[in-house]
Amino acid sequence: MKLSKQEYDRMNRQASPPSPVAKDCLWAFFVGGAICLLGEVLRTAYGRAGFILTDASALTSITLVALSAVLTALGWYQKLASRAGAGTLVPITGFANAVVSPAIEYRVEGLVTGVGAKMFVIAGPVIVWGMMASVVWGVVYYFLRPMMGG
Amino acid sequence: MGDTLFFERPASVMGYASVGGKREAEGPLAEGFDLLETDTTFGEKTWEQSESRMQTLCAELALRRCGIDAAGVDLLFGGDLENQCTASNYTMRGLGIPFVGLYSACATMAEGLALAACFVAGGLARRAMALTSSHFCAAERQFRFPLEYGGKRTPTSQWTATAAGGVVLSADGAGPYLRAVTFGRVTDLGIKDTNNMGAAMAPAAASTLLAYFRDSGRDPEEFDRIYTGDLGAVGSALAMQLCEREGLRLEKIHEDCGLLLYDRGRQQVGAGGSGAGCSAAVLCSHILPQLKAGALQRVLFVATGALMSPTTALQKESIPGIAHLVAIENA
């Protein structure tokens, strides 16, 4: 077959159906929005129950993480995520799913070498680079702050 | 001649069996399967052992349909998708047949069948068997993400079948016969997307088909069907285009195992099925029964494999493809 990689790449682009971007975005917007709305409802409810704002916020995160973990274990979070995409990936519930799902999957390889070693296999990079980004921003902020009159 | 081996005393298909999981039971080929298990654990604690159990059930069914036991088989060519082909290794620990372990990803069934055909036709074995499997859950955790992880699949991605297929070949018998085999060459046109394996494998399928028709001097019209293995919707379209560029028109008689196993309209399987068990199960639940019944007389079975590993994919290497061909005829 006389065919360059560039020519084949062009053929492949034509033959491969694109992701349905508009539909994916709508799903992500509404499901992601619904999770955030639930967060707001929870925070308001905790506030009404007498918690100060920082405690109410922490309790909201804890509740969402716990809820996501339960739904992940039931296999429902994955079903929703197969449609919602970034809508379920970006909120804190997505992070919980990324930690709980390998913990379940690798349980059969033992508590230490399975669950312990593999639990952060997906979430690990987010923690590493999230911390790196916060360190870099901390340094930038250190120099910017005097100029901001703080 | 060329890349193709033609047999004067071809091996005959003695018996075969297929086993599938839940999604396969919901698919259009369900009726052709010998065993469908809606419990995809197959009663085992790990997915690796589930796959091995499924493969064992398939081997036992195939032997039973031949009316022989394991001692009646001289040699078995088998493989799967798991690291170090462990599903097959554990199956063969129980079966006790002399074993040749193979890896050609989703092309393993055609590779095993072709080798078994060579050994029987060449007089090196009286009876030889080819056996392969794949399990969605075992493959997911090895090649992609944990099962419960919420991720989105692209429309070009393929669904690993939970299925197994096994074929017993014999030196004598009433057919269908394995008349010729073409071992493929590794082909790579630079596709790097592991969610588009059909596109990565299509050049290999076209290369092997072109080699067979060049070597045999035959006309595609002489065949009732050409079954490619696991190209899916994208790979099938590309393979047909690549063949047509070289003057080989196959659209009218072409079907793809990855498109036959599932109903893409009803079942969420992306561009179609894949996995070492996909083409094996379609062969044993759909193609061979039709040959036996006389509905088909002459077919080509061309299973294709994407030969990357999760490591090479992360290292941004392109995906090498391979396709092996077996010509199966009633006369």
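Quick notes on this one:
- Computed label-point distance, nm, for sites A:GLU7 and A:VAL108 using a 7 Å Cα→Cβ extension: 4.7
- Of the residues A:VAL21, B:VAL19, the one with the fewest other Cβ atoms within 10 Å heads the list, and the complete ranking is A:VAL21, B:VAL19.
- Packing-based exposure ordering (other Cβ within 10 Å, fewest first) of A:ARG83, B:ARG23: A:ARG83, B:ARG23
- Sorted by Cβ density within 10 Å, fewest first, the residues A:MET148, A:MET11: A:MET148, A:MET11
- 3J(HN,Hα) from dihedral phi, segment B:245-255, Karplus parametrisation 6.51/-1.76/1.60, rounded to Hz, x for glycine, proline: 4, 9, x, 10, 9, 10, 3, 5, 10, 8, 9
- Near B:ALA323, once Lys and Arg are set to +1 and Asp and Glu to -1 for all other residues with Cβ below 13 Å from its Cβ, the sum equals -4.
- Note on chain B: antiparallel DSSP beta bridges, both residues inside, total approximately 65 percent of the bridges counted.
- Total formal charge among the other residues, if their Cβ is under 15 angstrom from that of B:TYR262, Lys/Arg +1 and Asp/Glu -1: -2
- Under 5 Å between amide hydrogens, built in the peptide plane, is the criterion, and for B:GLY21 it picks out B:GLU37, B:THR162 among residues at least 5 positions away or on other chains.
- Judged by the gyration tensor of its Cα atoms, with axes a ≥ b ≥ c, segment A:20-119 is oblate; a/c meets the 1.5 cut and b/c is at least as large as a/b.
- Whole-angstrom gap from segment A:81-114 to segment B:38-86, using each part's C-alpha centre: 31
- Local net charge near B:PRO10, Cβ-Cβ under 12 Å (Lys/Arg +1, Asp/Glu -1): -1
- For segment B:223-274 versus segment B:152-183, the gap between their alpha-carbon centres in whole angstrom: 14
Each reported figure results from applying straightforward, stated rules to the coordinates on display, with no laboratory input. What you are looking at is a predicted structure, and each value in this text was computed from that prediction instead of being measured. Quick reminder, even Gly has a Cβ in these numbers, built from the backbone with ideal geometry, and neighbours come from all protein chains shown.
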